[in-house]
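Everything below concerns the one structure shown next.
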Amino acid sequence: MLFYALRRFGLALLILIVAVTVMFLMIRAVPGDPVQIMLGPRATPELQARLTAELALDQPVWKQLVIFYGNLLQGDLGIDVFSGRSVTDIVFQQLPHTLWLILGSIIWSATLGIGLGAYAAAHPNTLIDRITAAISVSFVAAPAFVVALLSLLIFAVHLQWFPAIGAGEGFWDRLNHLVLPSFAIGLSWVGYIARLVRASMLEVMGESHIRTARAFGINERRVVMVYALRIAILPVVTVIGVGMGFLLSSAVFAEIVFARPGLGKLVIDSITTRNYPIVMGSVLISTGLFVVSTALADLINAWLDPRARTAN
Amino acid sequence: MKIEWTKAPVGRRNFLKGATALGAAAALPMGLGSRAMAAEGGTLRVRSYGDLQSIDPAFSKGVIDEEIHASIYNKLIQYKPGREWDWQMDAAAMIEQGDETHIKFALRDDIGFTNGFGAMTAEDVKFSFERIVADETESPNKPDMGPLSHVEVTGEREGTIVLKEPFAPLWSIALPYITGNIVSKKAWEAAGGKATTDPLAESGPYLRDSWSPKEKTVLKRNPDWKGEAPAWDTIEILPIDDENTAEIAFEAGELDFTRVSLGSVQRYRDGVPNGGTLLEYPSLYYTWLGMNLDHPKLQNKKLRQAIQHAIDVPSVLEAAYFGAVDPSTGIIAPGLAGNRPQSLVPPQADFAKAAELLADSGETNVTLKLDTLNKTTFTTAAQVIQATLAQIGITVEVNVLESGAFWASADNEDLQLVLNRYSMTPDPYYATSWFTTEQVGHWNWERFSNEEYDQIHTSASQLTDQAKRAEMYQRAQDLMEESGAYRFLTHEATPVVHSAGVVPALRPDGLALLRYFGKA
């Protein structure tokens with residue numbers, strides 16, 4: 001298990017380096033002078049030249065990349081030239097908002113998805129199964145921004161149950177502010193998870209230990225919820241791990257539509273203003289999140305199911 | 001110190017139990033708690049279209065920062081809320097123009113800085129103004145101070161602003177806007193001359209209580225403020241860049257004041273939710289179609305004039321701005337000296353004349369590229385222009401660019417047609433400054449170069465005779481239009497909505513002067 005974990009995290013590190021390097025090269029390939037955008041129209045040529053040198057933008061791209069990784073090894077993500085604040089501070093100030101949003105959406109999608117999937121599997125090929133299948137597909141097909149806007153209009157404007165914008169203050173208020181945005185981005189995953197759990201459960205329900213449990217006269221509800229569901233939700237762990245990247249990208253629009261702070265919005269704002277230090281800091285952290293969550297999902301699976309270790 | 005790891009008692013069986021329990025727990029209803037509503041408990045909640053960048057007036061990025069600066073600092077004079085551009089006293093107890101280059105002032109004796117930095121003195125005014133123009137500060141806002149020479153301190157609270165030459169925008173930009181904010185000399189020196197996002201010392205009716213980046217700036221009443229008491233205990237400024245989101249937040253009762261999209265104006269004219277009110281203000285922005293005079297395809301003046309006459313401005317405005325704005329006559333907005341009553345080329349297209357001009361030009365099979373920002377308003381406007389130019393046989397390819405690439409167009413030699421929009425401060429000097437010969441390759445994308453225009457830009461800012469100034473700026477816009485490089489479109493508009501409990505205080509262009517906001 002230890003060797004497997006080391007190998008898995010080594011791969012994650014390699015993915016991280018490749019992704020960050022590609023992003024570094026891509027952001028420099030797009031047209032637009034960051035110094036001009038940062039300083040605005042009335043900055044003096046001297047100031048522009050100084051900032052260009054400060055950001056090492058007068059150096060060849062390969063040298064800029066070496067400087068970036070050199071600073072990174074010293075734990076320095078640089079300074080935001082707009083505000084003069086540390087990029088590390090800025091990124092880590094926004095990160096918790098995004099993590100909460102993703103966690104909330106995972107809870108929504110896992111809860112509804114597992115529930116729907118389990119219910120459908122317990123009633124295979126019935127009307128209920130078909131209805132849950134239709135609901136699942138609808139959820140997958142519903143664009144997240146449409147769900148976001150509709151939920152805003154219904155639950156924030158009309159019913160006034162939940163807040164429309166912001167992230168709130170204090171634990172309960174933050175939770176309250178989390179409901180609609182996490183629902184909006186979590187809903188499309190409900191369908192995937194429901195279909196996955198249904199298929200997985202139907203497979204598990206046919207296995208010998210389920211038959212044995214039934215033969216011992218154990219209540220059917222207990223058979224489904226305890227014996228079958230526990231094993232059937234294993235693939236969901238993998239899906240959630242891999243889905244982290246999608247959830248991160250969904251968080252971008254949720255942060256814009258719900259005017260929430262967060263990493264996604266920070267990245268978008270920074271790219272449009274060519275704020276290189278912030279872009280690289282945010283990309284590094286979000287890519288890191290993605291590869292770590294994927295690796296963790298693999299490790300959890302390997303831990304739960306030892307066959308996965310040997311398979312790899 | 002030795003760290004000892006304790007093995008967590010989580011086996012596979014326990015993990016699975018826990019995971020199932022977590023899923024069940026998540027199914028419980030949550031988030032049904034009460035919401036914080038706007039205008040409750042003396043809190044005013046307003047929307048800003050961006051987040052704070054700098055607390056230092058020398059490095060302020062414009063309106064977003066200034067909304068906060070104007071509340072926590074003082075100026076000698078501030079803009080007066082209303083429909084006409086005017087100013088009123090702020091930190092100044094007296095201010096008068098001695099001669100064209102000397103302005104005497106006396107400070108009120110009841111304004112002090114926080115954090116123990118003492119009373120506001122003429123030394124603070126001298127420090128604040130002179131650091132803006134000092135080369136070592138490298139302030140991008142330096143041009144706003146124009147030809148400031150220095151400030152003479154003639155008493156503890158008295159002094160004279162000395163200019164190198166007359167500068168009319170002193171009263172419309174330099175003193176009542178960003179560069180006019182007076183900071184504490186002692187505080188700035190104690191901090192090594194730099195402030196980023198945390199105030200060093202404040203003096204206004206409000207103090208910045210907290211700032212959560214990308215989330216909220218909270219202003220609280222300054223308990224030591226001796227001037228007229230501000231109406232609100234707390235002001236929360238929420239950075240929301242999307243107008244539709246802001247409108248939803250307003251309708252949900254979470255905002256008291258916001259600018260709304262032009263597309264929503266008609267809906268709000270029919271009624272504003274929650275007993276609110278729609279206010280429509282003109283804007284200082286100016287939008288135009290520019291033609292690069294240096295591009296080989298646009299050398300022929302008759303062709304450029306044909307393009308001018310073929311663009312139907314009302315159609316562009318109807319499609320792109322939902323008919324909620326008026327055509328502009330130039331770069332200087334109504335209400336400012338130099339605004340032209342009408343443009344040389346009427347806003348309505350004259351296709352017959354355009355076709356005639358195109359025939360006279362001798363150009364055939366004209367194909368041009370039109371660069372524009374990737375905003376719906378501009379892409380729509382570009383498509384209408386594309387359609388109208390097609391009527392006289394000119395083919396236009398619309399090239400949509402994201403903001404970073406678009407704003408790097410200054411050195412784009414292949415730039416042909418461009419749909420552009422600049423903002424400005426309330427003085428014609430600001431608008432004309434971007435179209436001088438000196439700005440070719442920087443912000444003068446049309447590469448328009450005219451000696452008379454350059455002369456007007458330089459000399460009109462030194463005139464105190466507003467009528468003469470207006471005449472000169474009108475001539476400057478005639479010259480722009482006569483070059484054939486410009487088709488002026490609109491100054492846009494600033495529609496805002498406010499809730500029933502709020503009495504907004506706005507500049508004539510609809511921007512908020514938060515310190516003067518009242519309660520209904």
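The values are calculated or read from the model by the stated rules, or taken from the named source; none is laboratory data. Keep in mind that what you see is a predicted model, and the values were worked out from it rather than measured. Because the Cβ atoms are built from the backbone with ideal geometry, glycine has one as well, and the counts that use them run over all protein chains shown. What goes into the accessible areas is simple: the full protein's heavy atoms, side chains included, and nothing from ligands, DNA or RNA. Shrake-Rupley method; radii C 1.70, N 1.55, O 1.52, S 1.80 Å.
How big is the accessible area of B:Ile77 in square angstrom, nearest 10, if you roll a 1.4 angstrom probe over the protein chains?
The value for B:Ile77 is about 0 Å².
Averaged across orientations, what area in nm² does the convex hull of the alpha carbons in segment B:336-383 project? Please list the in-between numbers first.
On the way: hull surface 23.0 nm².
For the Cα atoms of segment B:336-383, the hull's average projected area reads 5.7 nm².
With θ set to phi - 60°, apply the Karplus curve 6.51 cos²θ - 1.76 cosθ + 1.60 along segment A:260-271 and write out the HN-Hα couplings as whole Hz, x wherever there is a Gly or Pro.
Using θ = phi - 60°, the values come out as 9, x, x, 5, x, 5, 4, 5, 4, 4, 6, 5 Hz.
Restricting the calculation to Cα positions, tell me the Rg (one decimal) and the Dmax (whole number) of segment A:37-106 in Å.
For segment A:37-106, the Cα-based Rg and Dmax read 16.0, 50 Å.
What are the extents of the Cα atoms of segment B:60-202 along their three principal axes, listed from largest to smallest and rounded to whole Å?
Cα spread of segment B:60-202 along its principal axes, largest to smallest: 36, 34, 32 Å.
Amide H of B:Arg221: which non-local residues (sequence gap of 5 or more, or other chain) have their own amide H closer than 5 Å, using H built in the peptide plane?
B:Leu207
Rg and Dmax of segment A:1-159, Cα atoms, in Å?
Expressed in Å, the Cα Rg and Dmax of segment A:1-159 come to 24.2, 75.
Once you wrap a convex hull around the alpha carbon atoms of segment B:155-244, what is its projected area averaged over all directions, in nm²?
Numbers: hull surface 37.7 nm².
That works out to 9.4 nm², a quarter of the Cα hull's surface.
In whole Hz, with x marking every Gly and Pro, tabulate ³J(HN,Hα) for segment B:47-57 from phi via Karplus 6.51 cos²θ - 1.76 cosθ + 1.60, θ = phi - 60°.
9, 10, 7, x, 9, 3, 10, 8, 8, 9, x
Counting only the heavy atoms of the protein chains, how much of A:His158 is accessible to a 1.4 Å probe, in Å² to the nearest 10?
140 Å²
List the residues whose amide H sits under 5 Å from the amide H of B:Gly518, counting only those 5 or more places along or on another chain, with H placed 1.01 Å from N in the peptide plane.
Those qualifying (amide H under 5 Å, at least 5 residues apart or on another chain) are B:Val503, B:Ala505.
How about B:Lys80: which lysines have a C-alpha closer than 19 Å to its C-alpha, ignoring those fewer than 8 places off in the same chain?
Filter leaves B:Lys519.
As a test of reading the structure, rank B:Trp288, B:Trp443, B:Trp85 by solvent-accessible area (1.4 Å probe, protein chains only), most first.
Output order, biggest surface exposure first: B:Trp85, B:Trp443, B:Trp288.
How high is the relative contact order of segment A:157-309, in percent, with contacts defined as C-alpha pairs under 8 Å that are six or more residues apart? Mind dumping the intermediate values first?
On the way: 120 pairs, mean separation 34.5, N = 153.
Across segment A:157-309, relative contact order equals 23 percent.
Evaluate the charge dipole of chain B about its Cα centre and quote only its size in Debye, nearest 20, assuming +1 on the Cβ of each Lys and Arg and -1 on the Cβ of each Asp and Glu. The partial results should precede the final answer.
Numbers: 48 positive and 71 negative charges, 402 e Å.
The calculation lands at about 1940 debye.
Give the residue from A:Thr212, A:Leu234, A:Ile131 lying farthest towards the positive end of the charge dipole for chain A; charges sit on Cβ (+1 for Lys and Arg, -1 for Asp and Glu) and the dipole is referred to the Cα centre.
A:Thr212
Once both axes come from the Cα atoms, what is the angle between helix A:87-122 and the longest principal axis of chain A, in degrees from 0 to 90, rounded to 10?
Approximately 20 degrees, to the nearest 10.
If DNA, RNA and ligands are ignored and the probe is 1.4 Å, what is the ranking of B:Ile248, B:Ile182 by accessible area, most exposed first?
Values: B:Ile248 20, B:Ile182 0 Å².
Greatest to least solvent exposure: B:Ile248, B:Ile182.
Express the relative contact order of segment A:1-138 as a whole percentage, based on alpha carbon pairs under 8 Å and six or more residues apart in sequence.
Numbers: 39 pairs, mean separation 14.4, N = 138.
Relative contact order comes out at 10 percent.
What are the semi-axes of the equivalent ellipsoid for segment B:330-440, taken as the square roots of 5 times the Cα gyration tensor eigenvalues, largest first, in whole Å? It would help to have the intermediate numbers written out before the result.
Details: eigenvalues 134, 84, 41 Å².
Taking √(5λ) for each Cα gyration eigenvalue gives 26, 21, 14 Å.
From the P(r) of segment B:102-171, can you give the percent of Cα pairs sitting at distances over 19 Å? Walk me through the numbers on the way to the answer.
Numbers: 923 of 2415 pairs.
When all Cα pairs of segment B:102-171 are counted, 38 percent exceed 19 Å.
Any idea which of A:Asn275, A:Leu299, A:Gly75 is furthest toward the positive side of the dipole for the protein assembly as shown, if Lys and Arg beta-carbons carry +1 and Asp and Glu beta-carbons -1?
Looking along the dipole axis, the top candidate is A:Leu299.
Roughly how large is the B-A contact in terms of buried accessible area, totalled over both chains, probe 1.4 Å, nearest 100 Å²? List each step's numbers first, then the result.
Numbers: alone 23320 and 16640 Å², together 35230 Å².
For B against A, buried area totals roughly 4700 Å².
Residue by residue through B:210-221, how many Cβ atoms from other chains fall within 10 Å of the Cβ on average? Display every interim value, and only then the final one.
On the way: counts 1, 0, 6, 8, 13, 12, 5, 0, 0, 0, 0, 0.
Partner-chain Cβ atoms within 10 Å, mean over residues of B:210-221: 4.
When ligands, DNA and RNA are left out and all protein chains stay put, how many square angstrom of accessible area per residue does the protein assembly as shown have with a 1.4 Å probe? Kindly include the intermediate steps, with their values, before the conclusion.
Details: 35230 Å² over 832 residues.
About 42 Å² of surface per residue is accessible.
Might you report the magnitude of the Cβ-based charge dipole of segment B:181-241 about its Cα centre, with Lys and Arg at +1 and Asp and Glu at -1, to the nearest 20 debye?
On the way: 9 positive and 10 negative charges, 44 e Å.
Dipole about the Cα centre, nearest 20: 220 debye.
With a 1.4 Å probe and every protein chain kept in, tell me what percent of the accessible surface of chain B is carbon plus sulfur. Provide the component values of the computation, followed by the final result.
Values: 10400 of 20900 Å².
Ligands and nucleic acids excluded, carbon and sulfur reach 50 percent.
Quick check: the distance between the Cα centres of segment B:152-189 and segment B:220-299, to the nearest angstrom?
Answer, in whole Å: 29.
Any idea which of B:Thr217, B:Ser283, B:Tyr486 is furthest toward the positive side of the dipole for chain B, if Lys and Arg beta-carbons carry +1 and Asp and Glu beta-carbons -1?
Final value for the positive-end residue is B:Thr217.
Scattering from the C-alpha atoms of segment A:93-156 alone, worked out with Debye: what is log10 I(q)/I(0) at q = 0.16 1/Å?
-0.70
How large is the accessible surface of B:Tyr321 in square angstrom, using a 1.4 angstrom probe and rounding to the nearest 10?
10 Å²
Report, by chain and number, residues whose modeled amide H sits under 5 Å from the one on B:Ala93, excluding near sequence neighbours (fewer than 5 apart, same chain).
Correct list: B:Ala106, B:Leu107, B:Arg108.
Per DSSP helix of 4 or more residues, -39500 (n - 2.57); summed, then divided by the residues of the protein assembly as shown. What does that give at 222 nm, rounded to the nearest 500?
Numbers: 28 runs with 369 residues, N = 832.
Roughly -14000 deg cm²/dmol at 222 nm, from the helical runs in the protein assembly as shown.
Of the peptides A:237-249, A:141-153, how do they stack up when ordered by the mean number of other Cβ atoms within 10 Å, highest first? Walk me through the numbers before you get to the answer.
Working: A:237-249: 19.2, A:141-153: 16.5.
Top to bottom by mean Cβ count within 10 Å: A:237-249, A:141-153.
Check each residue of segment A:5-36 and keep those whose accessible area, probe 1.4 Å, is at least 30 Å² smaller with all protein chains in place than in the chain alone; give them in order of residue number.
A:Gln36
Tell me, what % of the accessible area of chain A is carbon and sulfur with a 1.4 angstrom probe? Intermediate results must be reported in sequence, preceding the final value.
Values: 10110 of 14330 Å².
Solvent-exposed carbon and sulfur of chain A make up 71 percent of the total.
Based on the alpha-carbon gyration tensor of the protein assembly as shown, what equivalent-ellipsoid semi-axes (square roots of 5 times the eigenvalues) come out, in whole Å, largest first?
Its equivalent ellipsoid spans semi-axes of 54, 33, 27 Å.
Where does each of A:266-275, B:188-197, B:499-508, A:104-113 land if you order them by average Cβ count within 10 Å, highest first?
On the way: A:266-275: 22.3, B:188-197: 14.9, B:499-508: 19.2, A:104-113: 24.6.
So the peptides A:266-275, B:188-197, B:499-508, A:104-113, ranked by packing, come out A:104-113, A:266-275, B:499-508, B:188-197.
What lysines could a cross-link reach from B:Lys297, if we take a straight Cα to Cα line under 24 Å and drop same-chain neighbours fewer than 8 places away?
Hits, sequence-local ones excluded: B:Lys353, B:Lys369.
Give the separation of the Cα centroids, segment B:386-465 to segment A:136-207, in Å.
47 Å
About its Cα centre, how strong a charge dipole does the protein assembly as shown have in debye, to the nearest 20, once Lys and Arg get +1 and Asp and Glu get -1 at the Cβ? Spell out each step's value before the answer.
On the way: 69 positive and 88 negative charges, 939 e Å.
The calculation lands at about 4500 debye.
Would you please report the Å³ per residue occupied by the convex hull of the alpha carbon atoms in segment B:161-304? Working shown, then result.
Numbers: hull volume 39.7 nm³, N = 144.
Given the Cα convex hull of segment B:161-304, per-residue volume reads 275 Å³.
Could you calculate the FRET efficiency of B:Val503 with B:Glu356 from 1/(1 + (r/R0)^6), where r is the beta carbon distance between them and R0 is 60 Å, rounded to 0.05?
Rounded to the nearest 0.05, the efficiency is 0.65.
Given N residues in chain B, what is its alpha carbon radius of gyration divided by 2.2 N^0.38 Å?
Numbers: Rg = 26.7 Å, N = 520, 2.2 N^0.38 = 23.7 Å.
It is 1.13.
For segment A:67-183, take N as its residue count and report Rg(C-alpha) divided by 2.2 N^0.38 Å. Before the final figure, lay out the partial values.
Working: Rg = 20.3 Å, N = 117, 2.2 N^0.38 = 13.4 Å.
This ratio for segment A:67-183 stands at 1.51.
Find, among the GluC sites (Glu not before Pro) in segment B:414-520, those assigned to loop by DSSP (not H, G, I, E, B) with at most 12 other beta-carbon atoms within 10 angstrom.
Counting only loop positions with at most 12 other Cβ atoms within 10 Å, none of the GluC sites (Glu not before Pro) in segment B:414-520 qualifies.
Rg/Rh for segment A:172-312 to two decimals, with Rh computed the Kirkwood way over all alpha-carbon pairs. Spell out each step's value before the answer.
Values: Rg = 19.9 Å, Rh = 17.9 Å.
Result: Rg/Rh = 1.11.
What is the diffusion coefficient of chain A in µm²/s, taking the Kirkwood radius over Cα pairs and the Stokes-Einstein relation at 20 °C with a viscosity of 1.002 mPa s? Could the numbers behind the result be given before it?
Working: Rh = 22.2 Å.
After rounding, the answer is 97 µm²/s.
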